[in-house]
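The values are calculated or read from the model by the stated rules, or taken from the named source; none is laboratory data. Since the model is a prediction, treat every value here as computed from it, not as a measurement. Here the Cβ positions follow ideal geometry from the backbone for every residue, glycine too, while neighbour counts run over all protein chains shown.
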Amino acid sequence: MRSIKRYDGINVVPFIDVLLVLLAIVFVISNFIALGKIDVALPSSSTKEAIKEVERKIVITDAHEFYIDDVATQKEAFRAKIATFAPEDVITIISDKGAVYEDFIFVVDVLKEHGLEKISMAVQK
């Protein structure tokens with residue numbers, strides 16, 4: 001008679017099952033966060049760094065006004081003026097605390113469209 005060979009080893013099938021369940025949980029939770037169904041409290045900062053050099057400045061007011069280098073700019077003409085910036089320019093965004101978040105996102109979105117990646121935000125003490 002032949003004897004049955006016994007292989008000593010780790011059975012990885014249960015491990016894979018657990019990983020698939022964890023992956024499914026991550027996907028479900030990420031969908032809830034993306035849809036905004038989970039309330040998230042955004043953190044606040046108590047520290048700040050001094051800006052060494054301001055090359056370009058964009059100011060957003062609470063009255064939906066935009067200023068590029070202290071010159072008032074309409075929202076429609078904003079994209080054209082941003083197109084004149086060089087990719088190596090450091091851009092500082094100064095937003096009023098009463099400004100609409102949508103205006104801030106508009107500014108950042110236009111900057112990203114034009115490949116401007118060196119962005120800093122300024123706050124007052």
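Taking the stated definitions as given, is F66 modelled with pLDDT of 70 or more, touching a strand residue (DSSP E or B) at 6+ places or on another chain (Cβ under 7 Å) and aromatic (F, W, Y)? Criteria met by F66. For the stretch 100-120, a residue qualifies if it is surrounded by 14 or more Cβ atoms within 10 Å (Cβ to Cβ) and either assigned to a helix (DSSP H, G or I) or at pLDDT below 80 (or both), and the qualifying residues are D103, F104, F106, V107, V108, V110, L111. Within the stretch 98-116, residues that are free of Cβ contacts under 8 Å to residues at least 60 places away in the same chain sit with their Cβ atoms under 6 Å from residues that are assigned to a helix (DSSP H, G or I), at 6+ positions apart or across chains, in these pairs: V110/R79; V110/I82; H114/I82.
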